[in-house]
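Novice: Right, I'll just put the structure down here and ask away after.
Read-outs throughout are calculated quantities, based only on the coordinates presented, and are distinct from any laboratory measurement. None of the values given here were measured: they were computed from a predicted structure. Glycine also receives a Cβ, built like all others from the backbone with ideal geometry; neighbour counts cover every protein chain displayed.
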Amino acid sequence: MAIEHADVLRAAHLARLGLDSDTEAAAYVDDLSRILEMVDRLRAIDTEGVAPLSHPLDATQRLRPDEVTETNQREAFQACAPETSDGLYLVPRVVE
Amino acid sequence: MQWETVIGLEVHVQLATQSKIFSGASTAFGAEPNTQACAIDLGLPGVLPVLNEGAVAMAVQFGLAINAEIPETSLFERKNYFYPDLPKGYQTSQMAQPIVGKGEVEILLDDDSRKRVRIHHAHLEEDAGKSLHEDFHGMTGVDLNRAGTPLLEIVSEPDMRSAREAVAYIRALHAIVTYLGISDGNMAEGSMRCDVNVSVRPKGQETFGTRAEIKNVNSFRFVERAIEFEVERQIELLEDGGKVVQETRLYDPDLDETRSMRTKEEANDYRYFPCPDLLPVMLDEAYIEHQRATLPELPSEKRDRFENTLGLSAYDAGVLSSTRPMAEYFEAVLAVCGDAKQAANWVQGELSAHLNRENIDIGNSPVTPEQLGELISRVLDDTINGKAAKQVFAALWNNEGTSADEIIDARGLKQVTDTGAIEAMIDQVIAESPVQVAQYREADEAKRGKMIGYFVGQVMKASRGTANPQQVNGLLKQKLDQA
């Protein structure tokens, strides 16, 4: 599978990554193409009858009892927020 | 051209857990902003989500209630998008292997017939926070208390063919989740939110038309109106030679219209992938059977039993099983009085009228089911007549006595069935009404039937409503026709 300049720009936009220049984008075209080459090689392997691996650990999810264990730590959390007001986190205006 | 409407729904049900789906923060409604948003909900570095067993149990109970398959393994995935009320940059959700597989919900149509709506699947996910766009010095305020609240998203197949069917489906879901007690079902507070997929196609056509998705419709009435508007819009568009665009639309209840919400040319690309922080969820047979054992009788089962075993009409059975508090009240009344038809009439008649008038939920009724059951028993055993029963009910409602028997005794409402006493009252009324008696005796049989009402009224009045009306009628006729 070939990856092109436009694909890199799109992926960067979806991930909200700013690419400084066309040279940087070109470097990603190269890197990502090599990763996809490896994926293609993996794809060539016959996996008929092998269940998809959803997690590398051979373990299952532990469940937590439905109890409230957290206390209000708003002040501590908001100490590292750039801006707050009336208990709210403030962010640049979102235009709907 | 004849058009057919095709509707599918995605309903988000907020689960009634104490704590969030992946953290121990409280889910209580109405707290001060951000006082219930912990490090996990905020997506701070180094935290690890741990799945809430309560949310899993509720999802499984729902699955069992709709006869769905519950797969042994389910997975959590990340749905990636950027929005300020989603601090992690992804919503933890399920896609490839949801916790609840294919199932079925029975809905009750307007003509009391039933229809099955197929459920594609239901999955667990976390809710996002809330963005407040009022002016905070030109900025947006974010409250993350709701972030991480467990949601069960129930996805139907496109099986509904009218706005009324869609409403019947949501009512059926509402009844199931509230019977199960897995959600308070409060639509005004957002505990049930619907995304509606609507398309139209020429009648008889196999393939579906292009659909529009209407987001976040939050009442039964708005679902119906939003669909009706959207169907009309699409038909007009198509009949004018236009094309329906696949898009997300928003229903505006004030203007009673839907309008386009996202006009971005770029389709959403959520780049789902398995969440590395959460391991596969394995549910064994024993766990599922344990959940099955907790299931109450479900609304459709109750409806069947009310209709088939208790002999109620389909309509009565539907109304009385529509909510769990209503069904439980009715059954408690029935347990005391033993007459299903009478219990149904009183609950849907006198009781519902009083509840509606004063806007009280049946669970908070000032008249207990035991009190109403005893009152009905006194009608059934002829202690009081129907007229007196209404007086007793009103007295119970106003807390002017603790039981029907007490009120009947205190007010002397016991029905007079003693023939001698009734005859004495009749003789007096006849003696006091010479003009009416003369008119009656001159009239023909047809007119007499109407005229006797006057005398019955007078005798009932003389008895202060306690005489047995059938006896009064019979004895009056005898005496008047005698001469």
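Novice: Which whole-Hz ³J(HN,Hα) couplings does region B:151-156 yield from phi under the Karplus relation 6.51 cos²θ - 1.76 cosθ + 1.60, θ = phi - 60°, glycine and proline marked x?
Specialist: 10, 10, 9, 9, 10, 8
Novice: So what J values fall out for region B:429-439 if you push phi through Karplus, 6.51 cos²θ - 1.76 cosθ + 1.60 with θ = phi - 60°, rounded to Hz, Gly and Pro as x?
Specialist: 4, 4, 5, 8, 10, x, 4, 5, 5, 4, 4
Novice: May I pose another question? Tell me the relative contact order for region B:297-411 as a rounded percent, counting alpha carbon contacts under 8 Å between residues six or more apart.
Specialist: About 20 percent, as a whole number.
Novice: How high is the relative contact order of region B:419-482, in percent, with contacts defined as C-alpha pairs under 8 Å that are six or more residues apart?
Specialist: With pairs under 8 Å counted, the relative contact order is 41 percent.
Novice: Would you kindly state how much longer the chain becomes between residue B:285 and residue B:394 on full extension, computed as 0.36 nm times their sequence separation minus their alpha carbon distance, in nm to one decimal?
Specialist: Between residue B:285 and residue B:394, full extension yields 34.0 nm more.
Novice: Let me know the mean shielding of B:12-24 by other chains, meaning the per-residue number of their Cβ atoms within 10 Å of its Cβ.
Specialist: The per-residue average across the peptide is 3.
Novice: Round to a whole angstrom and tell me the spacing of the C-alpha centers of region B:174-244 and region A:12-65.
Specialist: Rounded to whole Å, the Cα centres lie 37 Å apart.
Novice: What average number of partner chain Cβ atoms lie no more than 10 Å from the Cβ of the residues making up B:59-68?
Specialist: 0
Novice: Could you check the spin-label model distance between residue B:382 and residue A:24? Points 7 Å from the Cα along Cα→Cβ, value in nm.
Specialist: With each label placed 7 Å out from Cα toward Cβ, I get 9.6 nm.
Novice: What net charge is computed for the residues neighbouring residue B:22, neighbours being all others with C-beta under 9 Å from the C-beta of residue B:22, Lys and Arg scored +1, Asp and Glu -1?
Specialist: Charge balance in the 9 Å sphere: -1.
Novice: Moving to a separate point now. Quantify how strongly other chains surround peptide B:30-36 by giving the mean number of their Cβ atoms within 10 Å of each of its Cβ atoms.
Specialist: Mean partner shielding for this stretch: 5.
Novice: From Cα coordinates alone, what are the radius of gyration and Dmax values for the protein assembly as shown in angstrom?
Specialist: 32.9, 120
Novice: Given a Förster distance of 60 Å, report the FRET efficiency between residue B:102 and residue B:417 from their Cβ-Cβ distance, rounded to the nearest 0.05.
Specialist: 0.45
Novice: How much length is gained on full extension from residue B:313 to residue B:297, taking 0.36 nm per residue of separation minus their Cα-Cα distance?
Specialist: That works out to 3.8 nm of additional length.
Novice: Starting with the highest mean, order B:9-15, B:304-310 by the number of other Cβ atoms within 10 Å, averaged over the residues of each peptide.
Specialist: Listed from highest to lowest mean packing, they are B:9-15, B:304-310.
Novice: Label residue A:93 and residue B:29 with points 7 Å out from Cα along Cα→Cβ: what is the distance between them in nm?
Specialist: 3.2 nm
Novice: Roughly speaking, what is the stretch gain from residue B:243 to residue B:83, that is 0.36 nm per residue apart minus the C-alpha to C-alpha distance, in nm to one decimal?
Specialist: Gain on extension, residue B:243 to residue B:83, equals 54.5 nm.
Novice: Sticking with this structure for a sec: Which order do the peptides B:74-80, B:340-346 come out in when sorted by mean C-beta neighbours inside 10 angstrom, highest first?
Specialist: Going by the mean number of other Cβ atoms within 10 Å, highest first, we get B:74-80, B:340-346.
Novice: Listed highest first by mean packing, meaning other Cβ atoms within 10 Å per residue, what order do A:31-44, B:36-49, B:139-152, B:236-249 come in?
Specialist: B:139-152, B:36-49, B:236-249, A:31-44
Novice: Going down the table (B:20/B:102; B:302/B:341; B:20/B:215), which pairs top 20 Å between alpha carbons?
Specialist: Flagged as over cut-off: B:20/B:102; B:20/B:215.
Novice: Still on this structure, I have one more. What are the semi-axes of the equivalent ellipsoid for chain B, taken as the square roots of 5 times the Cα gyration tensor eigenvalues, largest first, in whole Å?
Specialist: Each semi-axis is √(5λ); the values are 58, 28, 21 Å.
Novice: Using θ = phi - 60° and the Karplus relation 6.51 cos²θ - 1.76 cosθ + 1.60, list the HN-Hα couplings for region B:18-29 in order, rounded to whole Hz, with x at every Gly or Pro.
Specialist: Couplings: 7, 10, 6, 5, 10, 9, x, 7, 6, 9, 4, 7 Hz.
Novice: Which distance in nm do the two modelled labels at residue B:206 and residue B:277 give, with both placed 7 Å along the Cα-to-Cβ direction?
Specialist: Using points 7 Å along Cα→Cβ, the separation is 4.7 nm.
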